[in-house]
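Okay, structure first, notes after.
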């Protein structure tokens, strides 16, 4: 009797050194895989895929290897009449891809490539009476979208376009017994949602509304014997939680509550020495999503070969400094 | 993207896999292109529904296609009789259920189901609750399903203690029950509300947002809850959910009305008394 702890075991021959060059090669080649099945069926999130690839390249100081002009034209052709931006051509606009697009253009210091006023109008129209945000005109409500809205507006310097107080009240109404946050009021706490809500509260200057000790405890309990982090109790570790959990801890000033050495070892073990890139856990298939969050996680842990990353926006600090955006962090 | 093991295989196996994927890719691209061009031309009929079905069953995160389906359904609402519309939406629910069986964690599928249920001329909330029961019996931690359950319960006015008994059953089956304890934490304060907020006469879940985690719980219910959670971690000390819940429970007691502190100042000839809660 007694529950087995769900976890992975890191093999002795797992990678233990950071092979940045291989990751840069992996990402640089990823975009040219237009006849690849996986690549094509993930078209519904292409804009986010580009954001993941470009951001990790910039963190590795390899952004020039990507095709700025082609990407900028692509983004322009994804802005719809309503102002919102879609994941790819022919797809419908959504807050998720509107944020990704603005993040990409911020890396390139070229947000003017878009009709910024229309983007702001699109976001404003998605705020509901209770302060929440729908993802698009079809009405799905989720705290992820509250984050997308304020992050996009903050990057554009237009946070005042929405009712910030009401938006804050809605996010706080999603706070649970354990100090964490879920998708909607009453939803179970989840590291991804917690990242969105702490990021949201940082951007709106409301971090003091959190119970940082309580949430910090829940977050540091995500660390498993293998050193990896899971997203909520009794789930397997996953390298992307090295971001969602770690960034949240950094925002609330409790990143030292994690065993950094063990986490670093786990992240490094998720590398694929053959193909480059990171997988969700050691031995699995790699993808750009986990590659970004593995590298970003290492950056938060102080990896010198990688540029400092901003924990709220998951973008290089130097980009945000240039924009003049410095969201608050608890100490 | 998650949980996909990298398997090494021979050159021949690789070649076979490559051919298969090339075939799959061609089918996908053709179907997608037809859907997009039909939508552009304003096609809003059952045939278009069929086309998107193919793609959505294996790609339920392709949200633009759910959007297209909704456009078609909304159009059919305007040109068909109510009985027909009911049938169309019922078969839509069966389709979504098939999608959910294949991929129970797609935001797109769950959102679409909620959208359909809200538009049905005659919704069957009992059927929806039973779907949630079945889904949760397969994966008690599926938060999409829990969220949908909360909608169903709210729309159909299920009583708080019926849902509490549901969590009792799940917690009783002994493992992976963080989601149930979490649900309890939102239900308890509703049942024994101590706040001055106006309540409907029967404690039902017909509210918009349960911002009730800050509310106190009455002593009788609290002691029952202590027993419940202590049983849990005495049975299995590694059951971490119980410990998180216990910590929360310890802060739930009603505050006794008492004096927190007294300040006496001879010089100012004053006594100040601070109470633990507002005195009526």
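Descriptive notes on the structure:
- Candidates A:12, A:35 - the one that is in a loop (DSSP other than H, G, I, E, B) and within 12 Å of chain B (Cβ to nearest Cβ): A:35
- Unique residue being within 15 Å of residue B:177 (Cα to Cα), surrounded by fewer than 18 Cβ atoms within 10 Å (Cβ to Cβ) and modelled with pLDDT under 90 when the list is B:231, B:238: B:238
- Yes/no for residue A:292 being within 17 Å of the chain's Cα centre (by Cα), at pLDDT 95 or above, within 14 Å of another protein chain (Cβ to nearest Cβ) and surrounded by 21 or more Cβ atoms within 10 Å (Cβ to Cβ): yes
- Matching residues in segment A:243-270 - criterion: being touching a strand residue (DSSP E or B) at 6+ places or on another chain (Cβ under 8 Å), surrounded by fewer than 23 Cβ atoms within 10 Å (Cβ to Cβ) and under 15 Å from residue A:281 (Cβ atoms): A:262
- Entry remark, segment B:224-239: residues being touching a residue at least 40 places away in the same chain (Cβ under 8 Å) and part of a loop (DSSP other than H, G, I, E, B) number 2 in total.
- Extreme residue, nearest to residue A:136 (Cα to Cα), among residues of segment B:52-86 that are free of Cβ contacts under 8 Å to residues at least 12 places away in the same chain and away from chain A (no Cβ under 14 Å): B:78
- Inside segment B:58-70, residues that are surrounded by 15 or more Cβ atoms within 10 Å (Cβ to Cβ) and not in a loop (DSSP other than H, G, I, E, B) make up a count of 8.
- Boolean, residue A:306 is over 18 Å from residue A:196 (Cβ atoms), more than 14 Å from chain B (Cβ to nearest Cβ) and assigned to a loop (DSSP other than H, G, I, E, B): yes
- Qualifying residue in segment B:38-51 (condition: within 18 Å of residue A:88 (Cα to Cα), modelled with pLDDT of 95 or more and either at the interface with another protein chain (Cβ under 7 Å from one of its Cβ atoms) or loosely packed, with under 15 Cβ neighbours inside 10 Å (or both)): yes
- Counting residues in segment A:220-228 that are in a helix (DSSP H, G or I), buried (at least 21 other Cβ atoms within 10 Å of the Cβ), within 14 Å of another protein chain (Cβ to nearest Cβ) and modelled with pLDDT of 95 or more gives zero.
- Residue A:192 more than 9 Å from every other protein chain (Cβ to nearest Cβ), farther than 26 Å from residue B:141 by Cβ and surrounded by fewer than 24 Cβ atoms within 10 Å (Cβ to Cβ): no
- Only a single criterion out of (1) outside any loop (DSSP other than H, G, I, E, B); (2) buried (at least 18 other Cβ atoms within 10 Å of the Cβ) is not satisfied by residue B:78, namely (2).
- Within segment B:146-185, being more than 22 Å from residue B:221 (Cα to Cα), in a helix (DSSP H, G or I) and either more than 8 Å from chain A (Cβ to nearest Cβ) or in contact (Cβ under 8 Å) with a residue 40 or more places away in the chain (or both) holds for B:148, B:149, B:150, B:151, B:152, B:153, B:154, B:155, B:156.
- Looking at A:26, A:51, just one residue is assigned to a helix (DSSP H, G or I) and within 30 Å of residue B:23 (Cβ to Cβ), and that residue is A:26.
- Count of segment B:1-29 residues, restricted to those that are surrounded by 12 or more Cβ atoms within 10 Å (Cβ to Cβ) and at the interface with another protein chain (Cβ under 7 Å from one of its Cβ atoms), is 9.
- For segment B:132-145, filtering for residues that are assigned to a loop (DSSP other than H, G, I, E, B) and away from chain A (no Cβ under 12 Å) leaves 0.
The values are calculated or read from the model by the stated rules, or taken from the named source; none is laboratory data. Every value quoted in this text rests on a predicted model; they were computed, and no experiment measured them. No Cβ is skipped: glycine too gets one built from the backbone with ideal geometry, and neighbour counts run over all protein chains shown.
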